[in-house]
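*Asks:* Submitted below is the structure of interest, expressed as structure tokens.
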Amino acid sequence: MSLEERLANDLTAAMRAKDADKLTTLRMLKAAITNTKIEQKKETFQDVDLLPIIQKQAKQRRESLESFEAAGRTDLAEKEKRELEILEAYLPKQLSDDEIKSIVVAAISVAGATSKGDIAAVMKEVMPKVKGKADGKRVNQIVLEQLS
């Protein structure tokens, strides 16, 4: 079953179960997919084409979550957290900080990096290995920690 079929099935199940949060989140995701198809003038997408769209939606939820928490809006933060959990179910398992750190350490030795000025070379080595499995912002922080 493709990811798009799974989304359609889960959307139907959320309607039947009257799960408002899941229904709203999946409808927004489906709209984002449809908009991207229109922009790219494509009829269908492969699963690999859908992952960046889902990641973008998840990233938006993370940023909103941080903003709401900083503003003390726990009600809205909880809603964003629930939506983020729903979206993460469709993404590949995320790497832990330790797993990212081991990839970064290997990339530093390959790139011969010694200072923060070499961050671009390290990121160039790391990002293809963690694509879709880790947030670039987290990877960047770990690279900076290892280089300092």
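Per-residue answers, yes or no, for (1) touching a strand residue (DSSP E or B) at 6+ places or on another chain (Cβ under 6 Å); (2) in a helix (DSSP H, G or I); (3) of a type in the set (D, E):
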| site | (1), (2), (3) |
| --- | --- |
| L91 | no, no, no |
| Q94 | no, no, no |
| I100 | no, yes, no |
| V105 | no, yes, no |
| I108 | no, yes, no |
| D118 | no, yes, yes |
| M123 | no, yes, no |
| I142 | no, yes, no |
| Q146 | no, yes, no |
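*Asks:* Pairs, please: C-beta under 9 Å, at least 6 apart or cross-chain, first residue surrounded by 11 or more Cβ atoms within 10 Å (Cβ to Cβ) and charged (D, E, K, R) and in the range 7-20, second outside any helix (DSSP H, G or I) and at pLDDT below 95?
*Replies:* Pairs found: D10/A89; D10/Y90.
*Asks:* If K42 satisfies all but one of (1) buried (at least 16 other Cβ atoms within 10 Å of the Cβ); (2) over 27 Å from G136 (Cα atoms); (3) not hydrophobic (A, V, I, L, M, F, W, C), what's the number of the condition it fails?
*Replies:* (1)
*Asks:* If I ask for residues that are under 18 Å from I100 (Cβ atoms) and of a type in the set (S, T, N, Q), which ones from the range 110-130 would you list? Give the steps one after another, and end with the answer.
*Replies:* Step one: list which residues in the range 110-130 are under 18 Å from I100 (Cβ atoms), which gives 110-111, 113, 116, 118-130.
Passing the criteria: none in range.
*Asks:* Select from the range 128-145 the residues that are out of contact with any Pro (no Cβ under 8 Å at 6 or more places or on another chain), free of Cβ contacts under 8 Å to residues at least 60 places away in the same chain and surrounded by 15 or more Cβ atoms within 10 Å (Cβ to Cβ) and list them in ascending order. Reasoning before the result, please.
*Replies:* Filtering the range 128-145 for residues out of contact with any Pro (no Cβ under 8 Å at 6 or more places or on another chain) gives 128-131, 134-145.
Those left that are additionally free of Cβ contacts under 8 Å to residues at least 60 places away in the same chain: 128-131, 134, 136-145.
Residues satisfying the conditions are K129, V130, A134, V139, N140, I142, V143.
*Asks:* Another one. Only residues that are modelled with pLDDT of 85 or more and either of a type in the set (F, W, Y) or over 10 Å from the mean Cα position of the chain (by Cα) (or both): list them for the range 86-95, please.
*Replies:* I86, A89, Y90
*Asks:* Take the range 65-101 and flag every residue that is buried (at least 18 other Cβ atoms within 10 Å of the Cβ) and either of a type outside the set (A, V, I, L, M, F, W, C) or on the phi > 0 side of the Ramachandran plot (or both).
*Replies:* K79, E80, E83, Y90
*Asks:* Does K116 meet the test of being surrounded by 13 or more Cβ atoms within 10 Å (Cβ to Cβ) and charged (D, E, K, R)?
*Replies:* In short, no.
The values are calculated or read from the model by the stated rules, or taken from the named source; none is laboratory data. Keep in mind the model is a prediction, meaning the values are calculated, not measured. Counting neighbours? That spans all protein chains shown, and the Cβs are built from the backbone with ideal geometry, glycine included.
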